[in-house]
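The values are calculated or read from the model by the stated rules, or taken from the named source; none is laboratory data. Model, not experiment: these values are computed from the prediction. We place every Cβ from the backbone using ideal geometry, glycine too, and count neighbours over all the protein chains shown.
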Amino acid sequence: MQVATCSAPTNIATIKYWGKDSEALNTPLNSSVSVTLHQDQLCAKTTIASKPSFTQTRLWLNGQEQPINKRVATVIREMKALAPDASWKHKHLHIVSENSFPTAAGLASSAAGYACLVATLAELFGIQDKFPGQLSTVARQGSGSACRSLDGGFVRWEKGVQHDGSDSRAIQIADEHHWPKLCAVVCVVNDKEKDTSSTNGMRDSKDTSVLLKYRAQHVVQDRLDKIEAAYKARDFPTFGKITMQDSNQFHATCLDTYPPIFYMNEVSRKIIHLIHQYNAQKGEITAAYTFDAGPNAVIFLEEQHVQEVVSMLLRAFPTTAAPMHMKSSLPVTHSTQLAADVADAIRWPAPTHDGVKMLYVSRVGDGVRVLAKKDALVDLVTGEPLRLAPAKSASASTPFSRTNAWLSVLAATAAVAALVAARR
Ligand code: DP6
C-alpha cells in the first residue's frame, strides 16, 4: 500500500477575495492577501492511501463517508495529470480528512481542506512545483481561498491574466518568521442563521453590485501595495487600518448585492465598536478586526495586547455556564480585569451572554506539512479509516457551515443544486 499524510493551515484574508472572473476556472475578480494561522489551533489533516485491491475512490470527512463532489474530482484529476508516473490515472484512492477543531465552531475549513488534499496528493504522487505556485493553481480550483493555505506567513493570490487561469496562483510575500509578534484572536460567534455560501454570495454580488466592480477596478490594487509594504515593515497601524477598511468594504458589497446579504450580526457589530473604542483609547490602531462570510471575528494584534483584548471580549460577552473555551499559543487567562483608563474609555454595551462561544489565539504559522506514517488516519494494512463517526440522523447529518465549503459542498450538493435551480 502507498500512503501519504499531510496537514494544512487555515488563512485569513486581509484584502478579500469576493467575486469570480471565471466560475469554471475559479479565478477571482481581484487579487487578495492573507495571513496564515498557526496549525496548533486550526488545521486540516489528510491521509491518502492507494492499494491494488481498492475498487473505487472514496472520501471520509470527520469520520463520515461523503460522495466525491465536482471540486474534489477536479483536484484529483488535475493532480493525476501532473503525476510523473502516468499509472496513477487508473489507481483508486482512499481519502480520509479531519479538522482539528469542532465542526460546530463554523470556522472556515475549505481553505485548509483543499490545500491539504493537494499537498497530500502531491506527496503521494511525487509531484514538485514546476514553477512557483503551480500547486496553488490546483488548490484554487477546489476553493479559491485554499490556494493561499499552501504557504505560511503572508501570501498573495495573484488574479492572473492568462485565459486558462494558469497564472492565477498564490505567492508567499513574507514567511512565518517575519513578524513574530503578530497574533490573531479568532472569536467564534454564536449564530443561529443559515448564511449564504461564499460561492452563491459571490455570484449574486457579481451580478448585481456596482460597488464590487468599482472595488475590483479602483480600490484593491492600491490597498494591496500598501498592506504588503506595511506587513514587510511590521507597521501595525497601517496594516490594521487597511485590514478593517477592506473587511468593511467587502461587507458593504454584500449590502450592495440585491437582494442584500448579511453575514455580520449584532455580536459582530459590537466587536467592531469595541475595537474602535479600544484603538481610540490607545491613540493608535492597536487591534484590527476582519470578518469573512459569517459573523465570526478575527482580531489581529501584537502579542503584548492579547490579554487586554481577550479580557475586553470576556467582559462584553460573558458565558452563562462554563468559562469560555479558549485554545491559545500564548498564556492567556479568563481575567476580565482591565486597566482603569481602558475600562473607563469604553462605553460598555449591555453584556451579550454567550455571544462569543470560543476563542482561538494564534500566531502566524507555516504552510502545509508532510507528516509521518504514524500520523496516518488510515489502518496501514487495510487502508480503511481508523476513526468513523457514529451514524447521525438525516436532519443532523450536515455538520457543515457556510464557510466550510470543503465539507458543506459535499454534504449539501443536492440542496444547493435545488436552490440554484429554484433561483433560475
Ligand atoms: C470571504 O474560497 O470559500 O473568505 O472559491 O467559492 O470556494 P470558493 O470561495 P471561498 O471564499 C472565501 C471568501 C472570503 C474571503 C477570502 O478568504 O479571501
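Filter region 337-391 down to residues that are among the polar types (S, T, N, Q) and under 27 Å from residue 182 (Cα atoms) and give me whichever is farthest from the chain's Cα centre (by Cα).
Taking region 337-391 first, the residues among the polar types (S, T, N, Q) are 337, 352, 362, 382.
Filter once more, so that each one left must be under 27 Å from residue 182 (Cα atoms): 337, 362.
On the way: 337: 32, 362: 14 Å.
Checking each candidate, the answer is 337.
Please specify each residue of region 195-210 satisfying the condition of being within 12 Å of the ligand (Cβ to nearest atom) and surrounded by fewer than 19 Cβ atoms within 10 Å (Cβ to Cβ). Steps first, answer last, please.
The first filter runs over region 195-210 and keeps only residues within 12 Å of the ligand (Cβ to nearest atom), leaving 195-203, 205-206.
Answer for region 195-210, where residues must be within 12 Å of the ligand (Cβ to nearest atom) and surrounded by fewer than 19 Cβ atoms within 10 Å (Cβ to Cβ): 200, 203.
Which of the following residues is without any contact (Cβ under 8 Å) to a residue 24 or more places away in the chain, part of a loop (DSSP other than H, G, I, E, B), surrounded by fewer than 18 Cβ atoms within 10 Å (Cβ to Cβ) and of a type outside the set (Val, Ile, Thr): 81, 24?
Values: 81 fails: part of a loop (DSSP other than H, G, I, E, B).
Being without any contact (Cβ under 8 Å) to a residue 24 or more places away in the chain, part of a loop (DSSP other than H, G, I, E, B), surrounded by fewer than 18 Cβ atoms within 10 Å (Cβ to Cβ) and of a type outside the set (Val, Ile, Thr) holds for just one of 81, 24, which is 24.
Within the bounds of region 105-119, is there any residue that is of a type in the set (Phe, Trp, Tyr) and more than 23 Å from residue 19 (Cα to Cα)? For region 105-119, residues of a type in the set (Phe, Trp, Tyr) and more than 23 Å from residue 19 (Cα to Cα): absent. If you check 70, 16, 80, 20 for being among the charged types (D, E, K, R) and away from the ligand (no atom under 16 Å from the Cβ), only one passes: 80.
Conditions tested, residue by residue: (1) crowded, with 23+ Cβ neighbours inside 10 Å; (2) assigned to a strand (DSSP E or B); (3) within 12 Å of the ligand (Cβ to nearest atom).
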site	(1), (2), (3)
137	yes, no, no
146	yes, no, yes
152	yes, no, no
160	no, no, no
164	no, no, no
168	yes, no, yes
171	no, yes, no
179	no, no, no
185	yes, yes, no
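Of the residues making up region 326-358, those that are surrounded by 15 or more Cβ atoms within 10 Å (Cβ to Cβ) and touching a strand residue (DSSP E or B) at 6+ places or on another chain (Cβ under 8 Å) are 326, 327, 328, 329, 332, 355, 356, 357, 358.
Does residue 354 satisfy the condition of being touching a residue at least 40 places away in the same chain (Cβ under 8 Å), more than 16 Å from the ligand (Cβ to nearest atom), over 20 Å from residue 12 (Cβ atoms) and in a loop (DSSP other than H, G, I, E, B)? Yes; evaluated as a whole, the condition is true for this residue. Of everything listed in (1) within 16 Å of the ligand (Cβ to nearest atom); (2) buried (at least 17 other Cβ atoms within 10 Å of the Cβ); (3) not charged (D, E, K, R), the single unmet condition for residue 95 is (1).
Could you tell me which of the residues 288, 280 is outside any helix (DSSP H, G or I) and either more than 16 Å from the ligand (Cβ to nearest atom) or surrounded by 23 or more Cβ atoms within 10 Å (Cβ to Cβ) (or both)?
On the way: 280 fails: outside any helix (DSSP H, G or I).
None of the other options fit; the residue is 288.
A quick yes/no check of all residues on (1) among the aliphatic types (A, V, I, L, M); (2) under 26 Å from residue 151 (Cα atoms):
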site: 279; (1), (2): no, no
site: 282; (1), (2): no, no
site: 301; (1), (2): yes, yes
site: 341; (1), (2): no, no
site: 344; (1), (2): no, no
site: 355; (1), (2): no, no
site: 366; (1), (2): no, yes
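The residue that is farthest from the ligand (Cβ to nearest atom), among those in region 32-46 that are of a type in the set (S, T, N, Q) and assigned to a strand (DSSP E or B), is 46. Residue 140 satisfies every condition listed in (1) of a type outside the set (A, V, I, L, M, F, W, C); (2) at pLDDT 95 or above; (3) over 24 Å from residue 370 (Cβ atoms) except (3). For the residues 27, 10, the requirement of being within 11 Å of the ligand (Cβ to nearest atom) and over 16 Å from the mean Cα position of the chain (by Cα) singles out 27. Return a yes/no flag: does region 294-302 have any residue that is surrounded by fewer than 20 Cβ atoms within 10 Å (Cβ to Cβ), of a type in the set (Asp, Glu), within 22 Å of the chain's Cα centre (by Cα) and under 19 Å from residue 37 (Cβ atoms). Yes, region 294-302 has at least one match.
Across region 370-391, the number of residues qualifying as at pLDDT 95 or above and either at positive phi or assigned to a loop (DSSP other than H, G, I, E, B) (or both) comes to 11.
Look at (1) free of Cβ contacts under 8 Å to residues at least 12 places away in the same chain; (2) crowded, with 22+ Cβ neighbours inside 10 Å and you find that residue 323 fails only one, number (2). Restricting region 101-131 to residues that are surrounded by fewer than 24 Cβ atoms within 10 Å (Cβ to Cβ), in a helix (DSSP H, G or I) and touching a Lys or Arg at 6+ places or on another chain (Cβ under 9 Å), the residue that is modelled with the highest pLDDT is 125.
Of all residues in region 222-265, those satisfying the criterion of being of a type in the set (Ser, Thr, Tyr), within 12 Å of residue 291 (Cα to Cα) and not in a loop (DSSP other than H, G, I, E, B) are 243, 247. I'd like to verify a number: residues in region 106-135 that are over 13 Å from residue 367 (Cβ atoms), out of contact with any Leu (no Cβ under 8 Å at 6 or more places or on another chain) and within 15 Å of the ligand (Cβ to nearest atom), how many? Here the count works out to 4. Take residue 55 and decide whether it is of a type in the set (Ser, Thr, Tyr), away from the ligand (no atom under 16 Å from the Cβ) and touching an Asp or Glu at 6+ places or on another chain (Cβ under 7 Å). So residue 55 fails the test.
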